[in-house]
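One structure is given below, represented as structure tokens, and several questions about it will come after.
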Amino acid sequence: MLKSILSFKIIIFLLFNMFLPFVSYGQINMVGIWETKEIIGLSNVAEYSLKEQKSLAFGHYLALKNDDTFSSYTLEECLSGCSLSTSGTYKIIDDYHISMNVQKVSRSGLTCGMMKVDESQIIKDLGIFYIYKEGGLIRLIPSNGILQDDKDKMLYTQLLDSFDREWKKYNYVWTDTSGNLPEEIVKDCESKNKLIDLSAYKIVFSKTEGYGSIFLLRQNEDFHYVLYDAFKKKVSLAYPK
């Protein structure tokens, strides 16, 4: 019987996700000044990346204060334009989750009078974020507040990132597909040796790259990659070379 092509990697990833949070997360102190790539709540982004700062230069920053309030602002080299900042409240729910609520938008600069901003689109509850430590960074990733779901999502992301780096190392047996929905496309995919019943697997994550769309399939702790070429309307299971 053909085993999962990801068995060894899954064991490593599961052990990593099982033990790392208990070592690191309880030691994280979120109060302080963090360098960010975006002003919190100003635009829709997939996640926020925070890097703790001891000294400030020009750029975007997030200040989390002891009184459970925050401010997100830009240090500009000059004030010839217009800079927007946000502020509001936050709550540390547990060692793994934080919620943020934008309550005010501020402006600074010489041309702010000419800038139109719909503050009603910015002032809102941003919801819950999963606090994920990665090297010297902290990633705030939108969350439903359920830790296991957060861990699963990070596992899936890591697996697809791994495939993105190594996709040329796999073999493919292409099958025509007329499907439009992911479930329809995967249904047309066949195992080369007919030893894997893909109908028993569930699509748990997907993403699209320049070479195609990747679907991550899971049954218990067995995982498989399926690659879809939307231009040629062909789909294949990824087989290790």
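Is there a residue being part of a strand (DSSP E or B), touching a strand residue (DSSP E or B) at 6+ places or on another chain (Cβ under 9 Å) and loosely packed, with under 15 Cβ neighbours inside 10 Å anywhere in segment 176-194?
Scanning segment 176-194, I find at least one residue that is part of a strand (DSSP E or B), touching a strand residue (DSSP E or B) at 6+ places or on another chain (Cβ under 9 Å) and loosely packed, with under 15 Cβ neighbours inside 10 Å, so the answer is yes.
Another question about this same structure. What single numbered condition from (1) modelled with pLDDT of 95 or more; (2) touching a strand residue (DSSP E or B) at 6+ places or on another chain (Cβ under 7 Å) fails to hold for residue 67?
The single condition residue 67 does not satisfy is (2).
If we scan segment 203-219, do we find a residue that is of a type in the set (Gly, Ala, Ser), on the phi < 0 side of the Ramachandran plot, part of a strand (DSSP E or B) and over 21 Å from the mean Cα position of the chain (by Cα)?
Looking through segment 203-219, none of the residues is of a type in the set (Gly, Ala, Ser), on the phi < 0 side of the Ramachandran plot, part of a strand (DSSP E or B) and over 21 Å from the mean Cα position of the chain (by Cα).
If you scan segment 52-63, which residues turn out to be within 18 Å of residue 105 (Cβ to Cβ) and either part of a loop (DSSP other than H, G, I, E, B) or hydrophobic (A, V, I, L, M, F, W, C) (or both)?
62, 63
Quick check: anything in segment 118-130 modelled with pLDDT under 95 and either in a strand (DSSP E or B) or among the aromatic types (Phe, Trp, Tyr) (or both)?
Checked against the condition, which is being modelled with pLDDT under 95 and either in a strand (DSSP E or B) or among the aromatic types (Phe, Trp, Tyr) (or both), segment 118-130 yields no hits at all.
The values are calculated or read from the model by the stated rules, or taken from the named source; none is laboratory data. From a predicted model like this one, the values you see are computed outputs, not experimental measurements. Note: ideal-geometry Cβ built from the backbone for every residue, glycine included; neighbour counts use all protein chains shown.
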